[in-house]
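Working notes for the structure below.
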Amino acid sequence: MLDKILKKRSIAALSTLAIAHVAAQGSMDSRLSTLEAQVDAITQKNVRGTTQATSVTSRPMIDGAELYAIADALYWKPTQDDLTYTFRNHEEVDAQGNVNGLFSGNAKDLKPDWNVGFRLGLGYNMPYDQWDLELVWTNYRNNSHSSTDAPPKGYLLSALSPIGVGGGSGLWNAEATLKLRYDTLDLELGRAFYTSKALSFRPFVGARLARINERFNAKSTGIINPIFGRNLFTKFQNLFHAWGARAGLDMNWRFGSHWGIIGRAAGSIVYGRYHVSSIQTASSSISGFEYDVSNGFHRVRFNAEGMAGIEWDAYVNRNRAHLFFSLGYEITEWFDYNHTRNFFNGALYVQKGGDLGLQGVTFSARVDF
């Protein structure tokens, strides 16, 4: 009787152990499958066939169509070389209009004013590997004016005059205007990803179309010279239409759940056509002095951009949308942009040069939906 009881208990114990082993084996298989899935989610095969960690996307993850819109307000000013339009001489002029001594004074430049502009864009967060594609249009207009009068007992000398100082010089007023029309259209392909817990980058490549139209007009009132008459009028036009490649890097360092410091560095190299023209006339001219010269040519130009600022973002509408606002200071520089021509006395040829820069405050808003 005791043998039967022991035998039955042994069989039950072995059965329990077998069931426990099978259950443990099933639990282990499940845990291994879960672990393999987690490893697959954070690793990937690169183009060389080796395994590497997958970078975690930093773009907004919402329950929507994966589209986003951009609207920026710009408060910028241009900075450009070679905008001198007159010289103020403090040396006295006698009753006959002759200069009593050497020229001693200072140059007067047109200093562009601050003006507003805008930037509009539309983007799409692509499903493949968290890439995004966006198209952005930047529009900026600037109209600036500057004027000056001759100093007491002195006179003005036009920086654009066809001749130097001579008997009878008597310019008492000079003024200049600058009209700038600036448009760029950028297509960007980028990918935003975290490199640490708080720092993310978005490298991008793309294309740029640029159209820069600039007109510089100057007027000097008074007697230029008995030969060349009075009241000098000068008009320069510098038009540049170009296309090319663009690349850059966006940065975001987050120091809270909603706040971060942002930055951007970008550059573009474009090929385009210049159309420049120069017109100068003098009213009441005895010699009939004037010139009207235009030229068209192609050039390759380089543009550099930089921006730094602060941002705030948040998810809204139960994770169906994402809002992003930023305030920053932006700088863009077009190297060797100015190519207007100037002629002195119809013979001496001078080509103006220098860079064109734009800088100022940018307020940006973006919504992902």
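The values are calculated or read from the model by the stated rules, or taken from the named source; none is laboratory data. A quick note: this is a predicted structure, and the numbers were derived from the prediction, not measured. Neighbour counts are summed over all protein chains in view; Cβ atoms, including those assigned to glycine, are modelled from backbone coordinates with ideal geometry.
Data for the structure
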read-out	value
Residue selected from region 308-335 under the condition under 20 Å from ALA207 (Cβ atoms) and free of Cβ contacts under 8 Å to residues at least 60 places away in the same chain, by the criterion nearest to the chain's Cα centre (by Cα)	THR332
Matching option when the condition is farther than 30 Å from ALA207 by Cβ, of a type outside the set (Lys, Arg), assigned by TED's automatic domain parsing to the domain that holds ASP250 and at pLDDT 95 or above, among SER144, SER158	SER144
Any chance GLU92 is assigned by TED's automatic domain parsing to the domain that holds GLY154, closer than 30 Å to TRP131 by Cα and modelled with pLDDT under 95	no
Evaluation of GLY309 against (1) surrounded by fewer than 15 Cβ atoms within 10 Å (Cβ to Cβ); (2) within 14 Å of GLY263 (Cα to Cα) (one fails), failing number	(1)
Residues of region 63-82 that turn out to be over 19 Å from the mean Cα position of the chain (by Cα) and either aromatic (Phe, Trp, Tyr) or farther than 30 Å from ASP113 by Cα (or both), as a count	6
Region 64-81: number of residues that are surrounded by 15 or more Cβ atoms within 10 Å (Cβ to Cβ) and either within 30 Å of LEU180 (Cβ to Cβ) or at pLDDT 85 or above (or both)	11
Answer residue from region 312-347, given it is part of a loop (DSSP other than H, G, I, E, B) and of a type in the set (A, V, I, L, M, F, W, C) and is farthest from HIS258 (Cα to Cα) among those	ALA347
Filtered residues of region 254-286 (kept if loosely packed, with under 14 Cβ neighbours inside 10 Å and over 18 Å from ASP186 (Cα atoms))	PHE255, GLY256, SER257, HIS258, TRP259, ARG273, SER283, SER284, ILE286
Number of positions in region 212-225 that are in contact with a Lys or Arg (Cβ under 6 Å, 6 or more places away or on another chain) and either at pLDDT 90 or above or in a loop (DSSP other than H, G, I, E, B) (or both)	3
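Per-residue answers, yes or no, for (1) modelled with pLDDT of 95 or more; (2) in a strand (DSSP E or B); (3) out of contact with any helix residue (DSSP H, G or I) (no Cβ under 6 Å at 6 or more places or on another chain); (4) outside the structural domain of LEU323 (by TED's automatic domain parsing):
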position	(1), (2), (3), (4)
ILE227	no, no, yes, no
ASN231	no, yes, yes, no
GLN237	no, yes, yes, no
HIS241	yes, yes, yes, no
ASP250	yes, yes, yes, no
ARG264	yes, yes, yes, no
GLY267	yes, yes, yes, no
